[in-house]
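The values are calculated or read from the model by the stated rules, or taken from the named source; none is laboratory data. Because the structure is predicted, anything quoted here is derived from the model rather than measured. All Cβ positions, glycine included, derive from the backbone under ideal geometry; neighbour counts span all protein chains shown.
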Amino acid sequence: MIVEVIAVGTELLLGQIVNSNAATIGAALAEKGLDAHFQQVVGDNLDRAAAAVRAAIDRSDAVIMTGGIGPTRDDLTREAICQATGLEMEFSDEYAEYLRSWWVARGRGEMPDSNLRQAQHPAGAELLVNPKGTAPGLALEHQGTLIFCVPGVPAEMEHLLHAEVLPRLVRWGGKDEMLVSRLLRTWGRSESGVAELLDDLYTSSVNPSVAYLASAGEIKVRISAKAADATAAGRLIEPVEEEVRRRLGDSVFGADDETIERIVLDLLEERGWRIGVAESMTGGLLTGRLTDLPGSSRFVAGGVVPYDSRLKQSLLGVGDITHVVNEETAAAMATSVKELLDVEVGLSVTGSAGPDPLEKPAGTIVFGVSTPEDTRTREVRMVGDRERIRIYAVTTALQLTRLALTGKWWGV
């Protein structure tokens with residue numbers, strides 16, 4: 001069964017809101033073994049939205065539309081379905097009364113008449129009560145195609161997706177199979193380098209299939225298989241995963257939800273160590289990444305952000321602050337923050353994020369890691385804009401810390 005997703009909203013096209021709903025729906029469909037060959041984003045324009053619906057009906061077995069079912073004039077999803085299908089718009093007195101009761105129960109006084117738009121629906125559509133808001137979902141069968149509408153608000157969308165839409169799709173034509181994916185996380189190799197090493201697996205393996213994802217300095221290898229259940233899919237994935245791990249070796253550092261920050265904290269816990277961070281050009285991003293995880297306070301003492309070079313001297317005892325993008329400064333920052341925060345591991349970052357060069361070309365970053373066993377530094381040249389360089393610097397700092405904690409240091 002092919003299911004198409006249409007996200008409605010000009011704000012999505014303008015980038016004012018990230019289209020997270022499409023990703024959520026896509027993942028949920030895959031889990032149920034339903035195929036999603038197309039996704040569309042269309043603005044708040046009646047003719048274009050209707051054209052998107054017609055295109056989806058022509059090539060898909062079911063359509064899920066998200067957004068555009070609120071009470072304002074720019075909420076045009078209901079009208080777009082009517083225009084695309086030729087159905088008349090009807091009004092539900094029952095749902096209108098539900099809306100009035102909902103409004104009164106929350107002490108909001110008299111309900112604006114515009115909210116009654118949410119009681120409108122294409123003829124024959126079933127209104128799906130939304131307990132998290134006033135906009136009901138819609139379910140409609142039109143000439144052999146299922147059409148669903150759910151709100152654009154993520155919490156409301158997710159509830160109706162799982163409570164109403166997915167069960168109906170599975171009953172209508174869900175396959176007796178499940179799509180399972182295994183995500184292997186790698187660092188230290190380029191995307192093209194990983195692809196070359198796995199090229200024959202990519203071209204020859206259909207089930208499971210192999211794909212590559214690059215983000216934030218990591219290359220991820222996704223292995224996906226369809227089978228009757230998760231156990232059977234896992235059996236298909238296992239030999240391919242073993243071969244990928246064999247070929248990529250130590251550059252594979254984790255799988256699925258094993259993020260680099262989670263792995264670093266787990267390694268600290270194994271050793272009974274704590275970490276302190278001294279970061280200059282990343283401006284607190286590194287400490288933030290480590291402390292995003294619940295329970296991180298047991299292993300992360302804190303961070304120092306000596307953005308002004310004079311603070312490198314007064315707080316961390318760096319001697320020469322006329323030149324700070326070098327390995328000597330990184331080493332001093334790592335060892336000093338370790339002493340300052342009374343921890344076993346000190347991690348430092350100093351460098352030039354750009355766009356203007358600081359001592360060295362923009363993108364020159366120097367890292368330091370100090371453990372009870374050794375202190376080492378590494379200078380790296382990164383490319384990209386300021387944001388990209390800072391994000392990649394955080395990833396690299398965590399990866400170098402992982403290597404130091406495993407005793408491999410910079411040997412990838």
Residues of the stretch 196-246 that turn out to be in contact with a strand residue (DSSP E or B) (Cβ under 9 Å, 6 or more places away or on another chain), surrounded by 16 or more Cβ atoms within 10 Å (Cβ to Cβ) and not hydroxyl-bearing (Ser, Thr, Tyr), as a count: 19
Residue within the stretch 149-158 that is under 28 Å from Ala55 (Cα atoms), surrounded by 14 or more Cβ atoms within 10 Å (Cβ to Cβ), modelled with pLDDT of 90 or more and touching a Pro at 6+ places or on another chain (Cβ under 8 Å) present: yes
The one condition in (1) of a type outside the set (A, V, I, L, M); (2) farther than 30 Å from Glu31 by Cα; (3) outside any strand (DSSP E or B) that Gly276 fails to fulfil: (3)
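Residues checked against (1) modelled with pLDDT under 95; (2) of a type outside the set (Val, Ile, Thr); (3) surrounded by 13 or more Cβ atoms within 10 Å (Cβ to Cβ):
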position: Glu94; (1), (2), (3): yes, yes, no
position: Asn115; (1), (2), (3): yes, yes, yes
position: Lys132; (1), (2), (3): yes, yes, yes
position: Leu161; (1), (2), (3): no, yes, yes
position: Leu184; (1), (2), (3): no, yes, yes
position: Glu191; (1), (2), (3): yes, yes, yes
Any chance Asp58 is over 30 Å from Ala96 (Cα atoms) and surrounded by fewer than 19 Cβ atoms within 10 Å (Cβ to Cβ): yes
Members of the stretch 326-371 that are touching a Lys or Arg at 6+ places or on another chain (Cβ under 8 Å) and within 16 Å of Arg402 (Cβ to Cβ): Glu344, Val345, Gly346, Phe367, Gly368, Val369, Ser370
Output for the stretch 118-153, where each listed residue is out of contact with any Ser or Thr (no Cβ under 6 Å at 6 or more places or on another chain) and farther than 22 Å from Glu88 by Cβ: Val129, Asn130, Pro131, Lys132, Gly133, Thr134, Pro151, Val153
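Tell me, please, whether a residue that is touching a Lys or Arg at 6+ places or on another chain (Cβ under 6 Å) and buried (at least 19 other Cβ atoms within 10 Å of the Cβ) can be found in the stretch 372-383. Full working, then the answer.
Going residue by residue through the stretch 372-383, those that are touching a Lys or Arg at 6+ places or on another chain (Cβ under 6 Å) are none.
Checking the stretch 372-383: not a single residue is touching a Lys or Arg at 6+ places or on another chain (Cβ under 6 Å) and buried (at least 19 other Cβ atoms within 10 Å of the Cβ).
Of all residues in the stretch 245-271, count the ones that are assigned to a strand (DSSP E or B) and in contact with a helix residue (DSSP H, G or I) (Cβ under 6 Å, 6 or more places away or on another chain).
Residues of the stretch 245-271 that are assigned to a strand (DSSP E or B), as a first pass: 252-255.
Those still in the list that are in contact with a helix residue (DSSP H, G or I) (Cβ under 6 Å, 6 or more places away or on another chain) too: 252, 254.
The qualifying residues number 2.
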Exclusive hit being assigned by TED's automatic domain parsing to the domain that holds Val349 and loosely packed, with under 14 Cβ neighbours inside 10 Å, set Gly276, Gly249, Gly272: Gly272
2 or more residues more than 20 Å from Glu164 (Cα to Cα): qualifying strands (runs of 3 or more DSSP E) within the stretch 47-124: 89-91
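Taking the stretch 69-89 on its own, how many of its residues are under 14 Å from Arg48 (Cβ atoms) and buried (at least 16 other Cβ atoms within 10 Å of the Cβ)?
Of the stretch 69-89, the ones under 14 Å from Arg48 (Cβ atoms) are 74, 76-77, 79-81, 83-84.
Next cut, buried (at least 16 other Cβ atoms within 10 Å of the Cβ) only: 76-77, 79-81, 83-84.
Number of matching residues: 7.
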So Glu344, is it of a type in the set (Asp, Glu), touching a residue at least 12 places away in the same chain (Cβ under 8 Å), closer than 26 Å to Glu258 by Cβ and touching a Ser or Thr at 6+ places or on another chain (Cβ under 9 Å): yes
Elements of type strands (runs of 3 or more DSSP E) contained in the stretch 313-412, each with 3 or more residues being among the aromatic types (Phe, Trp, Tyr) and in the same structural domain as Val194 (by TED's automatic domain parsing): none
Pairs, first closer than 18 Å to Leu76 by Cα in the stretch 98-126, second exposed (fewer than 10 other Cβ atoms within 10 Å of the Cβ) and at pLDDT 90 or above, C-beta under 7 Å, six or more apart: Ala123/Glu88
Residues being under 16 Å from Pro167 (Cα atoms) and assigned to a helix (DSSP H, G or I) - total across the stretch 1-23: 0
Conditions (1) farther than 30 Å from Ala225 by Cα; (2) modelled with pLDDT under 95: number failed by Gly303: (2)
The stretch 332-357: number of residues that are under 17 Å from Ala393 (Cβ atoms) and crowded, with 18+ Cβ neighbours inside 10 Å: 12
